[in-house]
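These notes concern the structure reproduced below.
The values are calculated or read from the model by the stated rules, or taken from the named source; none is laboratory data. Since the structure is predicted, the reported quantities are computational estimates derived from the model, not experimental observations. Cβ coordinates were reconstructed from backbone atoms using ideal geometry, including for glycine residues, and neighbour counts include every protein chain displayed.
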Amino acid sequence: PLPEPPDFGASPRHATRQVAIGGVKVGGDAPVVVQSMTNTDTADVASTVKQVSELWRAGSEMVRVTVNNAESAAAVPRIVEKLTMMGIDVPLIGDFHYNGHTLLTNEPACAQALAKYRINPGNVGFGKKRDTQFAQLIEFAIQYNKPVRIGANWGSLDQSLAATLMDENAQRAEPWDAGRVLREALIRSALDSAHRAVEIGLPADRIILSAKVSGVQELIAVYRDLAARSDFALHLGLTEAGIGSKGVVASSAALAVLMQEGIGDTIRISLTPEPGQSRTQEVIVAQELLQTMGLRAFTPMVTACPGCGRTTSEFFQELAGVVQNHVRERMPEWKIKHPGAENMTLAVMGCIVNGPGESRHANIGISLPGTGEAPAAPVFVDGEKTVTLRGENIAQEFIALIDEYVET
Ligand code: SF4
């Protein structure tokens, strides 16, 4: 007898405490949430409002802004006010380093307007000041009823904790390698800070943890350990992932492995935008990662063949792009008028070899003519051939059929 097939699918979610960030829930049984971060000067209210609105329109469910000086802290309530006037209800997260305690002391309106504070335990101060300033930030979160993310980062590791763990390691009968000691320092920095915040009085269901590194294998190891040692909600992200395809591949590889194991409650894909590339690319990649893994659905996905010597032109590749862009642009309206449209599947195929078969598997598919085939493009709707398109206007006619399918 043949062996039983393996049981495919993602592992059940790692159990975490649910945290409310404005109207968005993270952790527990909530779906994995997509978030992003602006790269504008937060003090420039108009530019920041524009970019936050673009990220929100692209599907970012929370947006982080840096709050690094008095001007940016003063700008935050004005940014939130303008977004509200535009009908944009997206939780704004403030990213604090070094001087967060001072900024929140001097700008109570900023403390109130933000939906969450991000605190980096490696960057709150040094020596005794570190403990005092960390406690001040947590007390602001308690006073204003806000959640916090305690976000440790490889690039700004608490050096005194790292030195202590190095000393402890030297006493071990079988010392760990340096990489494991540094991973432990990162995890301990996040966990110890979270436990300290709870001691100060912040409820555990108002704490999210992250411990970011820039290497794929290291990130997987750190988060497996973090998940095994706590039930705080977890923010996943590969820090400094890089530019272009490298950033997309490295982030996807690391986050996919963890999410397949049920680890991760909110994700951010940190991409370095290429010249001229929109910041919204990181939101699209995050959504596509979740959707291609079958964890969430945001917008109809287009299946397209890669093309080969059998294709007569690049038209079908262009058509695949046109179709994907069209459904992405229409999705905000469909989301309201036709909920469920995000689950629709589409296929754009280059010839008869796999075209009709793949098109039949989609809700709507088109098989364009390849070399030596008649100049005709059969369209399949829910597995049945319904019409054959010909001539100059195949793209427009196919898009009209997609719109009609969603409408009806
Ligand atoms: Fe080539 Fe046809 Fe396969 Fe597309 S479907 S890759 S055109 S053989």
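Take Ala73 and decide whether it is assigned to a loop (DSSP other than H, G, I, E, B), over 25 Å from Arg296 (Cβ atoms) and of a type in the set (A, V, I, L, M, F, W, C).
no
Write out, first by first residue and then by second, each pair whose Cβ atoms fall under 6 Å of each other, whose residues are 6+ apart or on separate chains, and whose first residue, in region 148-170, is modelled with pLDDT of 95 or more while the second is in a strand (DSSP E or B) and of a type in the set (Phe, Trp, Tyr).
What qualifies is Val148/Tyr117.
Within region 296-303, is there a residue that is within 16 Å of the ligand (Cβ to nearest atom) and in contact with a helix residue (DSSP H, G or I) (Cβ under 8 Å, 6 or more places away or on another chain)?
Checking region 296-303: at least one residue is within 16 Å of the ligand (Cβ to nearest atom) and in contact with a helix residue (DSSP H, G or I) (Cβ under 8 Å, 6 or more places away or on another chain).
Step by step: first the residues of region 43-71, then only those that are polar (S, T, N, Q) and surrounded by 24 or more Cβ atoms within 10 Å (Cβ to Cβ), then the one that is farthest from Glu342 (Cα to Cα). Which residue is that?
Thr48
State whether the residues of region 194-216 include one that is among the basic types (Lys, Arg), at pLDDT below 95 and in a strand (DSSP E or B).
The answer is yes, given that some residue of region 194-216 is among the basic types (Lys, Arg), at pLDDT below 95 and in a strand (DSSP E or B).
Looking at region 340-355, which of its residues are assigned to a loop (DSSP other than H, G, I, E, B) and within 16 Å of the ligand (Cβ to nearest atom)?
Gly350, Cys351, Ile352, Val353, Asn354
Looking at region 316-355 only, could you name the residues that are within 18 Å of Tyr405 (Cβ to Cβ), surrounded by 16 or more Cβ atoms within 10 Å (Cβ to Cβ) and polar (S, T, N, Q)?
Matches in region 316-355: Gln324 only.
Would you mind stating whether Ile366 is more than 16 Å from the ligand (Cβ to nearest atom) and closer than 20 Å to Glu404 by Cα?
Answer is no for this residue.
Looking only at region 385-401, decide whether some residue is touching a His at 6+ places or on another chain (Cβ under 7 Å) and either of a type in the set (A, V, I, L, M, F, W, C) or buried (at least 20 other Cβ atoms within 10 Å of the Cβ) (or both).
Yes, that holds for at least one residue.
If you check Ser359, Ser313, which single one turns out to be over 30 Å from Ser11 (Cβ atoms), hydroxyl-bearing (Ser, Thr, Tyr) and surrounded by fewer than 16 Cβ atoms within 10 Å (Cβ to Cβ)?
So the residue among Ser359, Ser313 that is over 30 Å from Ser11 (Cβ atoms), hydroxyl-bearing (Ser, Thr, Tyr) and surrounded by fewer than 16 Cβ atoms within 10 Å (Cβ to Cβ) is Ser313.
Within region 220-247, can you find the residues that are at pLDDT 95 or above and assigned to a helix (DSSP H, G or I)?
Once the filter is applied, which keeps residues that are at pLDDT 95 or above and assigned to a helix (DSSP H, G or I), region 220-247 yields Ile220, Ala221, Val222, Tyr223, Arg224, Asp225, Leu226, Ala227, Ala228, Arg229.
On the given criteria, is Val381 modelled with pLDDT of 95 or more, away from the ligand (no atom under 16 Å from the Cβ), of a type outside the set (S, T, N, Q) and more than 30 Å from Asp265 (Cα to Cα)?
yes
Need the failing condition index for Gly321 against (1) modelled with pLDDT of 95 or more; (2) within 16 Å of the ligand (Cβ to nearest atom), just the number.
It fails just one condition, (1).
Can you pull out every residue in region 304-314 that is near the ligand (Cβ under 8 Å from one of its atoms) and in a loop (DSSP other than H, G, I, E, B)?
Once the filter is applied, which keeps residues that are near the ligand (Cβ under 8 Å from one of its atoms) and in a loop (DSSP other than H, G, I, E, B), region 304-314 yields Cys305, Pro306, Gly307, Cys308, Gly309, Arg310.
Return a yes/no flag: does region 115-124 have any residue that is part of a helix (DSSP H, G or I) and free of Cβ contacts under 8 Å to residues at least 24 places away in the same chain.
no
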